[in-house]
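S.K.: Can you read through this structure? Questions will come right after.
The values are calculated or read from the model by the stated rules, or taken from the named source; none is laboratory data. Owing to the predicted nature of the structure, the values given are computational and were not obtained by experimental measurement. Ideal geometry is used to build each Cβ from the backbone, glycine not excepted, and the neighbour counts take in all protein chains shown. The accessibility values were calculated without ligands, DNA or RNA, using every heavy atom of the protein model including side chains. Shrake-Rupley method; radii C 1.70, N 1.55, O 1.52, S 1.80 Å.
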Amino acid sequence: MSETPPEIADIMRVSSHREVYEPCDDSFALVDALLTDQTNLINHKPNICMEIGCGSGYVITSLILLLKSKLSNIHYLATDTNPLAAKVTTETLEAHGLKADVICTDIASCLETRLAGLVDVMVVNPPYVPTPEYEVGMEGIASSWAGGENGRSVIDRMLPVVDRLLSEKGWFYLVTLSCNYPSEICLMMRKRGFAWRILVQRSTEEENLIILKFWRDGEEVERLEEETISDEFSRSLSLFMRKQ
Amino acid sequence: MRLITHNMLSCNIKGVTNGFPLKIEAEKVIEKEVDFNPDFLKHMFAKIEWKALVEAARAMGYGELPEDSPDVAVIESADETFLKKLHHALLEIHLEEGALVCPETGRKFPVNKGIPNMLLHEDEV
Ligand SMILES: C[S@@+](CC[C@H](N)C(=O)[O-])C[C@H]1O[C@@H](n2cnc3c(N)ncnc32)[C@H](O)[C@@H]1O
């Protein structure tokens, strides 16, 4: 198909630290989703792209590499609550000869006012593992996976922020597990005027990963039955799995 | 961190109403050339708080930006002198070491290896 191999981060050049999440199946699935959508992303001509929870920097580095040859001067931002992750991300970027502005903050709290409505592409691989609530946001590596009840504590806090930051044409890529009740996430986003699509579904030994893409579809949603979305979701999921 | 990002940052300590712009205390500034893209600059110009950018650039040792925000004619003109300056200020100077100071409370957020640490203490959220 394409003459050149896909340009994504080189795992050998990804920096690491024992307190920072290493690229794993979820990270790879997210980058695969971005690869599937590469042509659309290029035609989308984003001005500002952002990752929340950048960890090792594997995903943001891949996103930059994916778009770099076709689009110049996109502004890239990445955040993480873990200062070591922020540092490792800048090292990973540097090892690929790239630069992005990395900020240590909770979700995007110091950017919410001024960056509202400006982000054209948002990518998030959140802490999604169901855990006791007290493990959420603890210091160190646990905060990279601990997601509280149904793994949704951090995700549910992120959704309104993402809505606020995304531009009119903004796209949002999100990693979820089937035990996060992704159809509920779709419903919450639907109520905010977003449409959704499954980009990647992958079952590993431990988890069933689903990568979702959201975009504003301009429709005001008045009444929404939970069952409708839930049915829609199961239908697209089984359709999707049949295609694979 | 570059000034395009600085222009989007505010201090969000609970109760703070004027957390923007953060004052820059620069200890180490580096410059790195990037490709010039007028369209991107024109797009971003509309979102930039001019005064904040001028002051931030000055704190980083770059004093070439005009005090008052130029009008659209200057942005659209064929003469790219202004856009080149804007390009340099927004995208080519990096704050590597130093601090960002909240204009209302004086709270300092450290910047190390180019990364601003904007995490809040428990009593600030
Ligand atoms: C599952 S890891 C993903 C890391 C990387 N993006 C990847 O895909 O390999 C989740 C990341 O989110 C960060 N994180 C957790 N809670 C956060 C929050 N409230 N705000 C910002 N980042 C957070 C963690 O520190 C961790 O680096």
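S.K.: Being open to solvent by 20 Å² or more (accessible area, probe 1.4 Å), touching a Lys or Arg at 6+ places or on another chain (Cβ under 8 Å) and of a type in the set (A, V, I, L, M) is the filter here, so list the residues in region B:41-69 that pass it.
M.R.: Scanning region B:41-69 gives a single hit, B:ALA59.
S.K.: May I ask you to list the residues in region A:85-101 that are open to solvent by less than 10 Å² (accessible area, probe 1.4 Å) and either outside any strand (DSSP E or B) or more than 10 Å from chain B (Cβ to nearest Cβ) (or both)? First the steps, then the outcome.
M.R.: Pass one, region A:85-101, residues open to solvent by less than 10 Å² (accessible area, probe 1.4 Å): A:85-86, A:88-89, A:92-93, A:101.
Listed by number, the residues that qualify are A:ALA85, A:ALA86, A:VAL88, A:THR89, A:THR92, A:LEU93.
S.K.: I'd like to verify a number: residues in region A:102-149 that are more than 8 Å from the ligand (Cβ to nearest atom), closer than 27 Å to B:MET1 by Cβ, away from chain B (no Cβ under 11 Å) and hydroxyl-bearing (Ser, Thr, Tyr), how many?
M.R.: Residues flagged as more than 8 Å from the ligand (Cβ to nearest atom), closer than 27 Å to B:MET1 by Cβ, away from chain B (no Cβ under 11 Å) and hydroxyl-bearing (Ser, Thr, Tyr) within region A:102-149 amount to 0.
S.K.: Can I ask one more? Select, from A:SER72, A:SER62, the only residue that is out of contact with any strand residue (DSSP E or B) (no Cβ under 7 Å at 6 or more places or on another chain), small (Gly, Ala, Ser) and facing chain B (nearest Cβ under 10 Å). Steps first, answer last, please.
M.R.: Working: A:SER62 fails: facing chain B (nearest Cβ under 10 Å).
After applying the criteria, what remains is A:SER72.
S.K.: Moving to a separate point now. Quick one: B:VAL54 ticks every box in (1) without any contact (Cβ under 8 Å) to a residue 60 or more places away in the chain; (2) under 19 Å from A:ARG114 (Cα atoms); (3) assigned to a strand (DSSP E or B); (4) not small (Gly, Ala, Ser) except a single one, so which number is it?
M.R.: Against the list (1) without any contact (Cβ under 8 Å) to a residue 60 or more places away in the chain; (2) under 19 Å from A:ARG114 (Cα atoms); (3) assigned to a strand (DSSP E or B); (4) not small (Gly, Ala, Ser), B:VAL54 comes up short only on (3).
S.K.: Exactly one condition in (1) more than 10 Å from chain B (Cβ to nearest Cβ); (2) open to solvent by 20 Å² or more (accessible area, probe 1.4 Å); (3) away from the ligand (no atom under 16 Å from the Cβ) is not met by A:GLU19; state its number.
M.R.: Of everything listed in (1) more than 10 Å from chain B (Cβ to nearest Cβ); (2) open to solvent by 20 Å² or more (accessible area, probe 1.4 Å); (3) away from the ligand (no atom under 16 Å from the Cβ), A:GLU19 misses just condition (3).
S.K.: Here is a further query. I'm trying to understand the selection: among the residues of region A:123-160, which are farther than 21 Å from A:VAL20 by Cβ and under 13 Å from the mean Cα position of the chain (by Cα)?
M.R.: The one that is farther than 21 Å from A:VAL20 by Cβ and under 13 Å from the mean Cα position of the chain (by Cα): A:LEU159.
S.K.: Among the residues of region A:56-77, which ones are assigned to a loop (DSSP other than H, G, I, E, B) and either open to solvent by less than 10 Å² (accessible area, probe 1.4 Å) or of a type in the set (S, T, N, Q) (or both)? Walk me through how you get there before you give the answer.
M.R.: Taking region A:56-77 as the starting set, the residues that turn out to be assigned to a loop (DSSP other than H, G, I, E, B) are A:56-57, A:69-74.
Answer for region A:56-77, where residues must be assigned to a loop (DSSP other than H, G, I, E, B) and either open to solvent by less than 10 Å² (accessible area, probe 1.4 Å) or of a type in the set (S, T, N, Q) (or both): A:SER56, A:GLY57, A:SER69, A:SER72, A:ASN73.
S.K.: Right, another one. Scanning for something closer than 27 Å to B:ASP35 by Cβ and in contact with a His (Cβ under 7 Å, 6 or more places away or on another chain), does region A:13-24 turn up at least one residue? First the steps, then the outcome.
M.R.: The first filter runs over region A:13-24 and keeps only residues closer than 27 Å to B:ASP35 by Cβ, leaving A:13-15.
Adding the requirement that they be in contact with a His (Cβ under 7 Å, 6 or more places away or on another chain) leaves A:13.
Within region A:13-24 (the criterion being closer than 27 Å to B:ASP35 by Cβ and in contact with a His (Cβ under 7 Å, 6 or more places away or on another chain)), the answer is yes, since at least one residue qualifies.
S.K.: Looking for whichever is free of Cβ contacts under 8 Å to residues at least 24 places away in the same chain and either within 16 Å of the ligand (Cβ to nearest atom) or over 25 Å from A:ARG197 (Cβ atoms) (or both) here; the options are A:SER72, A:SER56. Which one fits? Steps first, answer last, please.
M.R.: Values: A:SER56 fails: free of Cβ contacts under 8 Å to residues at least 24 places away in the same chain.
Just one listed residue meets the conditions, A:SER72.
S.K.: Shifting gears a bit: Sort out which residues of region B:24-50 are in a strand (DSSP E or B) and either touching a helix residue (DSSP H, G or I) at 6+ places or on another chain (Cβ under 7 Å) or within 7 Å of chain A (Cβ to nearest Cβ) (or both), and write them in order of number.
M.R.: Keep residues of region B:24-50 that are in a strand (DSSP E or B), which gives B:24-31.
Listed by number, the residues that qualify are B:ILE24, B:ALA26, B:GLU31.
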